[in-house]
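Shown next, in C-alpha cells, is the structure this report addresses.
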Amino acid sequence: MTVDIKTYVVGLLESYQKRSKQIDLLHYELSHQTDISENEMINALALSHGEGGSGTIGHISDKTLYIALNYQEQVQKASSASKSEVATQLMELENLQKRLTYYVSLLDKRQAELLELLYFEGYSQEECAAKLGIATRTVRRIKDEALNALAELYCFAEGVASRNLS
C-alpha cells in the first residue's frame with residue numbers, strides 16, 4: 001500500500017460532509033433550473049418601433065421574429081448543456097460517496113462505526129471515545145487500523161481496475 005492511497009482515503013473521509021452538501025446543492029439546482037419559455041423569449045426580443053419611428057407602434061419585423069426563434073433554440077441548447085454538466089458532476093460526487101460508504105461498511109464493525117462517527121457524523125475523537133465507552137488512545141489506534149484497512153481496500157480495487165484496463 002502506498003502513502004498516496006492512504007492520503008487519498010483520508011482526504012475522501014475529511015471531505016465527506018462537504019461533498020454531501022455539494023450533492024444536496026446540485027440536486028436542488030438540477031430540480032429547480034428554469035427554462036425561458038418561447039413566449040418570454042419572443043416578447044423580450046420582439047422590439048416594436050417607438051414613437052417617432054417609421055413604423056406603427058407594436059409592429060414586429062420578420063427579421064426580429066427569426067432572431068427571437070433562433071435565440072430560443074440557442075437558449076434551449078445552453079440550458080440542456082447546463083443541466084447535463086450539473087448531472088455529470090452530481091453523478092461523480094454521488095459515486096465517490098457511495099464507494100466510500102460501501103468500503104467503510106466492509107471494515108470490522110468497530111472500525112466502521114468509528115469512521116462513521118468521526119467523518120460522516122463529525123464527532124471529535126474525545127466524543128467518539130465517550131460515545132463508544134473507550135479511551136481516546138484506543139480511538140486513535142482503531143482509527144489508524146481502520147484507515148490502513150480502508151486504504152488497502154482502495155489499493156486492491158485500483159489494482160483490479162488497472163489489470164482489467166490492460
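The C-beta contact set for region 7-31 (first residue open to solvent by less than 80 Å² (accessible area, probe 1.4 Å), second residue of a type in the set (Gly, Ala, Ser) and not in a helix (DSSP H, G or I), distance under 8 angstrom, 6+ apart or interchain) comprises 17/122. Considering (1) under 25 Å from the mean Cα position of the chain (by Cα); (2) among the aliphatic types (A, V, I, L, M); (3) modelled with pLDDT of 95 or more, the lone condition that residue 139 does not fulfil carries the number (1).
For region 76-109, a residue qualifies if it is in contact with a helix residue (DSSP H, G or I) (Cβ under 7 Å, 6 or more places away or on another chain), in a helix (DSSP H, G or I) and surrounded by 14 or more Cβ atoms within 10 Å (Cβ to Cβ), and the qualifying residues are 83, 86, 89, 90, 93, 94, 96, 97, 100, 103, 104. So in region 114-135, with the set limited to residues that are closer than 18 Å to residue 97 by Cβ and not hydroxyl-bearing (Ser, Thr, Tyr), which one is most open to solvent (accessible area, probe 1.4 Å)? Across region 114-135, the extreme among qualifying residues is 121. Any idea which of (1) of a type outside the set (A, V, I, L, M); (2) in contact with a helix residue (DSSP H, G or I) (Cβ under 8 Å, 6 or more places away or on another chain); (3) open to solvent by 40 Å² or more (accessible area, probe 1.4 Å) is the one residue 138 doesn't satisfy? For residue 138, the failing item is (3).
Which condition from (1) open to solvent by 90 Å² or more (accessible area, probe 1.4 Å); (2) modelled with pLDDT of 85 or more is the one that residue 47 breaks? Going through the list (1) open to solvent by 90 Å² or more (accessible area, probe 1.4 Å); (2) modelled with pLDDT of 85 or more, residue 47 breaks only (2).
The values are calculated or read from the model by the stated rules, or taken from the named source; none is laboratory data. Predicted, not measured: the structure shown is a model, and the values here were computed from it. Cβ coordinates were reconstructed from backbone atoms using ideal geometry, including for glycine residues, and neighbour counts include every protein chain displayed. Surface accessibility is based on the protein's heavy atoms, side chains included, excluding ligands, DNA and RNA. Shrake-Rupley method; radii C 1.70, N 1.55, O 1.52, S 1.80 Å.
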